[in-house]
1. Can we say Ala31 is at pLDDT below 95, within 19 Å of the chain's Cα centre (by Cα) and open to solvent by less than 40 Å² (accessible area, probe 1.4 Å)?
2. Give me the pairs, please: first residue somewhere in the stretch 152-170 and open to solvent by 70 Å² or more (accessible area, probe 1.4 Å), second residue anywhere and at pLDDT below 90, beta-carbon distance under 6 Å, and either six or more positions apart or on two chains.
3. Taking only the stretch 95-117 into account, find how many residues are of a type in the set (Gly, Ala, Ser) and either near the ligand (Cβ under 9 Å from one of its atoms) or open to solvent by 30 Å² or more (accessible area, probe 1.4 Å) (or both).
4. Testing Glu193 on (1) open to solvent by less than 50 Å² (accessible area, probe 1.4 Å); (2) not hydroxyl-bearing (Ser, Thr, Tyr); (3) not in a strand (DSSP E or B), one condition comes back false. Which one is that?
5. Which of the residues belonging to the stretch 12-56 are part of a helix (DSSP H, G or I), more than 8 Å from the ligand (Cβ to nearest atom), in contact (Cβ under 8 Å) with a residue 40 or more places away in the chain and under 28 Å from Leu179 (Cα atoms)?
6. Quick check on this structure: which one of Glu230, Glu219 is closer than 14 Å to Asp294 by Cβ, of a type in the set (D, E, K, R), at pLDDT 75 or above and in a helix (DSSP H, G or I)?
7. Tell me the residue from Cys92, Cys70 that is of a type outside the set (Phe, Trp, Tyr) and within 11 Å of the ligand (Cβ to nearest atom), please.
8. For Thr97, all conditions in the list (1) part of a strand (DSSP E or B); (2) in contact with an Asp or Glu (Cβ under 8 Å, 6 or more places away or on another chain) hold save one; what is the number of the exception?
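The values are calculated or read from the model by the stated rules, or taken from the named source; none is laboratory data. Remember, it's a predicted structure, so these values are computed and weren't measured experimentally. A quick note on method: Cβ atoms are made from the backbone with ideal geometry, for glycine too, and the neighbour counts reach across all protein chains shown. When the accessible area is computed, the model is the full protein with side chains, heavy atoms only, and any ligands, DNA or RNA have been set aside. Shrake-Rupley method; radii C 1.70, N 1.55, O 1.52, S 1.80 Å.
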Amino acid sequence: GRVEAIILVGGFGTRLRPLTLATPKALLPLANVPMLERLVRSLPERVTKVALAVHHQADAIAAHFAAIDCGREVITVPETEPLGTGGAMRNCREHITGTALVFNGDIVSSLDIEAMLAQHRATGALGTLALWEVDDPSRYGVAELDGNAIVGFREKPAAGEEKSRLINAGTYLLEPEVLAMIPAGRKVSVEREIFTQLASAGLHGFPFAGSWIDAGTPESYLAANAMLLEREATAAHPGASVRGNALIAADAEITSSIVGPDTVIGAGVSLDKCVVRRSVLLAGASATGAVIEDCILGPGVAVGDDCSRMVLAAEGELRF
Ligand code: GTP
């Protein structure tokens, strides 16, 4: 049968500032396609309707989807105040008639949604959470499994207190009863208030392998781009993907990078060559006579001759 989706994209994306000051995180490109558009287009055919739970920069997200056709109904559901992950889902309830497929909007993964849905139906769970195994689970929501049943759920447990290495991968199948459990009209964290309550009471886990990246930090945004580049590059340069009217000079070396539309890469005055490695250049960025490694150049950013070597500092700032 058909399934309706809710995608949570109302967050402020503070960890990706300054990129998210001008563009909502959901519209930042991953290998040249806005990450939310990528997610919507990748959904199985049976997902006939998608509700985007929006708040921060809601208008930009609505305008983007009004201008494209993703082969299914896409609506935006705004919040006057940010309602948190649970409150945002609750706010979409009137648009959902059956099982809801819910996503955090900034996840890139190889999750097989059909297989997860098959398990959800077979177990008769109230909710099924996709689970991903990591070495250090303490920064995430940690699920303790008994068979497929989640018997314990802890959001960001203290180091050493994790009951497993399986973390909440940010994709859920939820029955209408779960949305009905969420208190209306206030901020609710689904992880802290609902999943903890549903442990041992109808919540199941669906562990999967393959790939999973939360593209919400500068490092993981670059990593997500790199992963997609490896998966789908059809490039003029080894390991590079170029989109649109990029002007790339003969004296440019570009490897393992993604170059957006209207960019310029070429020689400078003092350094008659330009090098771009393991980086993402967003629309309108330019690099001339520079060595750029492991960087995100924001929209319209120009890096000129005097910037001979840049690295991405931990806080996501560019350092020279
Ligand atoms: P940071 O500020 O960098 O933590 O990013 P974020 O605001 O996106 O927060 P986080 O990555 O923890 O959020 C996970 C997902 O939930 C993202 O896709 C967010 O857009 C979304 N989200 C978080 N809070 C809200 C909210 O209050 N309302 C809605 N609609 N979505 C939210």
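1. Criteria met by Ala31.
2. Filtered contacts from the stretch 152-170: Ala159/Ser138.
3. Number satisfying all stated conditions: 4.
4. (1)
5. The answer is Met35, Leu36, Arg38, Leu39.
6. Glu219
7. Exactly one of Cys92, Cys70 is of a type outside the set (Phe, Trp, Tyr) and within 11 Å of the ligand (Cβ to nearest atom), namely Cys92.
8. (1)
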